[in-house]
Amino acid sequence: MIRTVLALFIFALTLCVMIIYQPFSSTADPDAGVEVTRAATAEAPLAVPGAAPITPAPITPAPVPRLRTSADSMDALSGAVLADLGVIAPSAPAPIADPATAQVVAELQRVTGAPAAPAQPDLQSLVAQALRDGQSDAYIDRLVNEAARAGDIAVPRELVTAEGRVDTATLLAAIVTEASAATGVAPVLAPAPQPAEAPGLEVRVIQQNEGTREARFYTVQPGESLGAIAHKLYGDAAFYPLIFEANRQIMPSPDRVRVGQRLVIPAP
Amino acid sequence: MRIRRVAACCAAVFLAGLSATAQEVAITEGKPDATFTLKDQTFRITRNQDTEAVLTGEFARTSRECPPFCIQPMRIADGVDTIAELELIALLETDIAAGRALLIDSRLPDWYGQGTIPGAVNVPFSTLDPQNPYRDEILQALGAVPGPDGGLDFTGALELVLFCNGPWCSQSPQAITNLLEAGYPADKLLYYRGGMQGWQSLGLTVHVLQEG
């Protein structure tokens, strides 16, 4: 009895060892012609009969291409376009928001001479020419984005959308607003949506020691630039530095806005 | 006749002595001054001719608190050369006057206004901090060009000589560190370690922009 149990036990043990180590299977086996290593899994899927080959899924999304950005603000740009079109008198370039930096740049430009004139067409002349030709908004959008993608033009940072495109809608709206302000004619545009009804905006009432405080947050929607958000929430894209300053920790520069990003919206 | 000749001789000797007194303190032997023009403004560097002069006021102090006013090393970073007064004066007369290089005072504007090295431009160290979102504007004013990948191309950037208050001042070393981090080539940066302390201790001309 004991001998039988012992024999069975030894047989079971041998079977287990055979299953684990598979001494008779070798690379010569025609069914396992591919030596599978971890690195090779993507190219050589395991030859499991009936199973669909595994296709590697992209782990990281394709990086959003960064457009060339310029120091000029959109305000300066829309003014320059109108000056180009002869609607308003040309003005001095808009100051850099930080006075210390503006002073340094002015001093450096005084010593080193004025910056060289751009050899390539710039965004301002591109838009002005298209408007002069009576082109559609869609045409201008395509034209500007093609030039920006090719790196031919630099765009204001607040006009770069979450997808890395140029927000021409906000630019054209600013040009129309500025033109109507300059000529005294009311714009024929639809009014900007009221902040309260803007999708993506949430208003929270925060309890504090003395009374309550209203905090506003905004979730970036597809296709939006920082300038568009400022236009939507403050009525003027020129307010974008306010949002940028309040969200510095999650936004390295004004042209790096991301869809779904939750931004703090400070009171104007 | 003879008396007249003696008198003429005496007068000649006296005048020679007088002119010798006027040029008693030169920059180097045979070089009493350095003159250069920068953007239509002519600067002349000489030394204080009063051989009894001593430093007074802020730059006579020897023992500022450290930190923050700690002694700076001779070499700030690999590839950044450190220079002294004669090299700086030579650069002012050549590369800086020709617009190929810039002398940068890294101190804050009030210090710059109270007195700086002739020909210096004020770029406070704080404006080169990575926290300044407009730093690229300064780098572009220094000759950097935006590249196609969103970065900056420093190929055409100016050579810079940076200084601050002296060997105990960390502002220009900080500015150099920040410039290097921003991608500025080390071989385009020079450090004048002597700063205002070294400059003034030799009685060299200080350019004052404002009273204060």
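Laboratory data are not the source of any read-out in this text; all were calculated from the coordinates shown. Computed from a predicted structure; not experimentally measured. Positions of Cβ are generated from backbone atoms using ideal geometry, with glycine treated the same way; all protein chains shown enter the neighbour counts.
Here is how the numbers come out for the structure above:
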quantity	calculated
Peptide-level mean, for B:66-73, of C-beta atoms on other protein chains within 10 Å	0
Proxy reagent accessibility, fewest Cβ within 10 Å first, across B:Cys169, B:Cys66	B:Cys66, B:Cys169
Chain B: translational diffusion in µm²/s, Stokes-Einstein, Kirkwood Rh over Cα pairs, 37 °C, 0.692 mPa s	171 µm²/s
Whole-number D in µm² s⁻¹ for region B:93-133, Kirkwood Cα-pair radius fed into Stokes-Einstein, 10 °C, 1.306 mPa s	141 µm²/s
Protection proxy ranking of B:112-121, A:208-217, A:172-181 - average other beta-carbon atoms within 10 Å, highest first	B:112-121, A:172-181, A:208-217
Ranked list, fewest to most other Cβ atoms within 10 Å of each Cβ, for A:His231, B:His207	B:His207, A:His231
Residue-averaged [θ]222 nm for chain B, counting only DSSP H segments that reach four residues, each worth -39500 (n - 2.57)	-8000 deg cm²/dmol
Binned Cα-Cα distances of region B:31-82, short to long, each 5 Å bin given as a whole percent	4, 11, 11, 11, 14, 21, 20, 7, 0
Calculated P(r) of region B:32-116 - Cα pairs past 20 Å, %	56 percent
Where only C-alpha atoms are counted, convex hull volume of region B:133-202 per residue in Å³	91 Å³
Three-way shape call for region A:221-260 based on the alpha-carbon gyration tensor, with the a/c threshold at 1.5	oblate
Expected-Rg normalisation [2.2 N^0.38 Å, Cα atoms] applied to region A:69-183	1.09
Acute angle (nearest 10 degrees) that the helix B:2-22 long axis makes with the longest principal axis of chain B, alpha-carbon atoms	20 degrees
10 Å Cβ neighbours from other chains, averaged over peptide A:96-106	6
Region B:39-68: GluC sites (Glu not before Pro) falling in loop per DSSP and having at most 12 other Cβ within 10 Å	B:Glu52, B:Glu65
Peptide B:119-128, shielding by other chains (average Cβ, 10 Å cutoff)	4
Region B:25-201 - share of DSSP beta bridges that are antiparallel (%, nearest 5)	35 percent
Normalised alpha carbon radius of gyration of region A:195-265 [divisor 2.2 N^0.38 Å]	1.12
Contour excess over end-to-end distance, with Cα ends at A:Glu214 and A:Thr112 and 0.36 nm allotted per residue	31.9 nm
Tilt relative to chain B, helix B:171-181 - C-alpha long axis, 0 to 90 degrees, to 10	40 degrees
